[in-house]
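J.: Before I ask anything, let me first share the structure, which is written out below as structure tokens.
What follows draws every value from the coordinates through simple rules; no lab data is involved. Everything quoted here is computed from the prediction, not taken from an experiment. When we count neighbours, we look across all protein chains shown, and the Cβ atoms used for this are built from the backbone with ideal geometry, even at glycine.
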């Protein structure tokens, strides 16, 4: 039997960041990963001069994430997107810029004056959220106008969660917005109050990646962990000994530890906990995921009429297209395509259209090209492609999510030494995962 102070199950970004923080403190930690490589959905593929991201295309910098990048010696590898890169929304077949400043908002024809007025009156009015959980769609309709939901809020939710705004909880997915209205009766006043009370260092969030792609981060963490990371090791059964130590069974092996951190998706966490903590296992299994297909296509730049001057665009559901949105990779970061070529990455599926993500690779590529062609003026078929489909891509912070998490936390309190971390807890962003993973690591005290 192999004994360690802490065992971490799962070598996605949450598990790697948690284990790295523990190892820095000199704690004996072992990470077990079922697949043959670390990183989870963060994966970069170099192929024929293209740098394809098969999962997240970029990340937003954040305080703890910045600190980790610096600590790993990766700051010089960081590349940031143009700060003022426009974002677009597809309206009536045309790409319209999203207004990102008060002046642009007032001058934009994207929204009617009725919708603009509903937003402008917020700082001068007073409203409070209902007692029960409220969906993002219900919140936007209550506070503003349905047009804002259709053209901006809905596509925005789709871009982050690939989710259904009718189901996603505002309180769980965007807690700062909820707290702002609850505390001040106004989102603007509440946000200003929170900003004034904030202490400690502040950081401006920017869109970023690395010169050789996002996989640079998990690869660097894996190198630092060295022999403390084991791949191709499936954790199959969890138990607790009379002396309080946790036992973990794998194929032909048995492990023992004082603390166990489960850093897997909820399905794997549920399966692992089904014997020791059946209630938590049951609740974890209730957390839904959206299926997503990531379709990256390469074109000769001369065959794309659109200037690709910005981040990319999102697609409202009222457009009746299958694509959710497209990122213009080569407009954001260097080395994403050979000289004279452009890379475009499109997302399909999501909570409102799960069947599309299950199409064949060739069908997905054809579908994306067909829908992009009139929008971007594509004059030829793609010269390169990379398609990756995930049946369980992004956890859905649906109505009741916080109640489910609270129930799990109360149940697992009966099992000292058992911890959870992952993108279903404090947000799906890489920065949020790193921050929560570090909090979990810091909460672990070895006896």
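J.: Decide, for the stretch 139-210, between rounded, prolate and oblate: order the square roots of the alpha carbon gyration tensor eigenvalues as a ≥ b ≥ c, take rounded if a/c falls under 1.5, and otherwise choose prolate if a/b is larger than b/c, else oblate.
T.: Oblate, because a/c is 1.5 or more while a/b does not exceed b/c.
J.: Please arrange 257, 433 by how many other C-beta atoms lie within 10 Å of their C-beta, fewest to most.
T.: Listing 257, 433 from fewest to most nearby Cβ atoms yields 257, 433.
J.: Moving on. From the mean inverse distance of alpha carbon pairs (Kirkwood) and the Cα radius of gyration, derive Rg over Rh for the stretch 329-433.
T.: Ratio value, two decimals: 1.13.
J.: Using C-alpha positions alone, give me the convex hull volume of the stretch 141-181 per residue in cubic angstrom.
T.: Taking only Cα atoms, the stretch 141-181 has a hull volume of 69 Å³ per residue.
J.: I'd like the orientation of helix 187-197 relative to the chain: the angle between its Cα long axis and the longest Cα principal axis, in ° from 0 to 90, rounded to 10.
T.: 50 degrees
J.: Turning to a different aspect of this structure: Give the whole-number value, in cubic angstrom per residue, of the convex hull volume spanned by the C-alpha atoms of the stretch 99-196.
T.: 102 Å³
J.: How many angstrom separate the Cα center of the stretch 237-252 from the Cα center of the stretch 155-211?
T.: 40 Å
J.: A follow-up question, please. Given the chain, what percent of its DSSP beta bridges are antiparallel, to the nearest 5?
T.: Approximately 75 percent, going by the DSSP bridge assignments.
J.: Regarding the stretch 279-357, what are the three Cα extents along the principal axes, ordered largest first, in Å?
T.: 56, 30, 19
J.: In degrees from 0 to 90, rounded to the nearest 10, what is the angle of the helix 13-24 Cα long axis to the longest principal axis of the chain?
T.: It works out to around 50 degrees.
J.: Determine the shape class of the stretch 210-306: with a ≥ b ≥ c the square roots of the Cα gyration tensor eigenvalues, call it rounded for a/c under 1.5, and otherwise prolate if a/b is greater than b/c, oblate otherwise.
T.: Note, shape of the stretch 210-306 comes out oblate.
J.: As I understand it, the value is the acute angle between the Cα axis of helix 430-443 and the longest principal axis of the Cα atoms of the chain; what does it come to in degrees, rounded to 10?
T.: So the helix axis and the longest Cα principal axis differ by about 20 degrees.
J.: Okay, next question. Quick one: Debye curve from the C-alpha atoms of the chain, no solvent, what's log10 I(q)/I(0) at q = 0.08, 0.09 Å⁻¹?
T.: Scattering profile of the chain, log10 relative to I(0): -0.49, -0.63.
J.: Hey, another quick one. May I ask you to sort 147, 409 by Cβ crowding, counting other Cβ atoms within 10 Å and putting the fewest first?
T.: Neighbour counts put them in this order, fewest first: 409, 147.
J.: To continue, here is another question. Give me the distance between the Cα centres of the stretch 265-301 and the stretch 399-447, rounded to whole Å.
T.: 16 Å
J.: So what is the calculated 222 nm ellipticity per residue for the chain, using -39500 (n - 2.57) for each DSSP H run with n of 4 or more, over all residues, to the nearest 500 deg cm²/dmol?
T.: So the calculated ellipticity at 222 nm is -9500 deg cm²/dmol.
J.: Do you know the relative contact order of the chain, to the nearest whole percent, from alpha carbon pairs under 8 angstrom that are 6+ apart?
T.: 25 percent
J.: Where does the stretch 1-120 land on the Kirkwood hydrodynamic radius, alpha-carbon pairs, in angstrom?
T.: 18.9 Å
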